[in-house]
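Before any comments, here is the structure.
What follows draws every value from the coordinates through simple rules; no lab data is involved. This one's a predicted model, so the numbers in the text were calculated from it and none came from an experiment. Heads up, the Cβs are rebuilt from the backbone with ideal geometry, glycines too, and the neighbour counts pull from every protein chain shown.
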Amino acid sequence: MAERCECSTEAAVYIWDGLQWVKHGSELSTIDVLYHPFAQTFRVVASDSEDDFVMNCYLHDEANYHAESDYFHIWKGYDGVSYGLAFQTNEKAQLFLERMSAICQEVVGVGDEDWIPPEASPLRNSASSSLLGPFIFYTFQPWLHQS
């Protein structure tokens, strides 16, 4: 079974390095929230304007996705890394927050000690390479990014 896109938006991607938020990718990245029905996992994938992957983050039951401000959202990935999204408009931020809140309520069991995410590095630099793991077979598909 292939992953399906649950929602998509555009935002700037930031990762907390322990001291400050560091921007990853181009000015705006395409953000997709993907669901894998067989593995019952959600992940947030971001690709920049050159279709390079800048983020691959599995959601878990303690991700705590929330709005830090009207335009900036943060959460903690399964890998322990803190991620941030900076939106261009309050409307886009609010719509994505509503959808992510609903998705996070569906995440059950991810975060249990026995759960191990499929192998995939948090950052990928090539859209032509697949993010492979025991359950994930995703290759960049431009038609998912059309609004």
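Between the amide H of E6 and those of V33, L34, Y35, distances stay under 5 Å, these residues lying 5 or more places away or on another chain, with hydrogens modeled in the peptide plane.
Net charge of the neighbourhood of L34, taken over other residues with C-beta under 11 Å away and scored Lys/Arg +1, Asp/Glu -1, is -1. Extending 7 Å from Cα along the Cβ direction at K23 and again at Q88 yields two label points whose distance is 1.4 nm.
Here the simple spin-label model places points 7 Å from the Cα toward Cβ, and for H66 and A2 these points are separated by 3.7 nm. The residues packed around Y71, meaning those with a beta-carbon under 13 Å from its beta-carbon, carry a net charge of -3 if Lys and Arg are +1 and Asp and Glu are -1.
Quick one: Kirkwood hydrodynamic radius for region 1-113, alpha-carbon pairs, angstrom, one decimal?
Numbers: mean 1/r = 0.0710 Å⁻¹.
Its Kirkwood hydrodynamic radius stands at 14.1 Å.
Electrostatic bookkeeping for G25 treats Lys and Arg as +1 and Asp and Glu as -1; over the other residues with beta carbon under 10 Å from its beta carbon, the sum is -3. Protection proxy ranking of 59-66, 88-95, by the mean of other Cβ atoms within 10 Å over each peptide's residues and highest first, is 59-66, 88-95.
By the count of other C-beta atoms within 10 Å, a proxy for reagent exposure, R43, R99 are ordered fewest to most as R99, R43.
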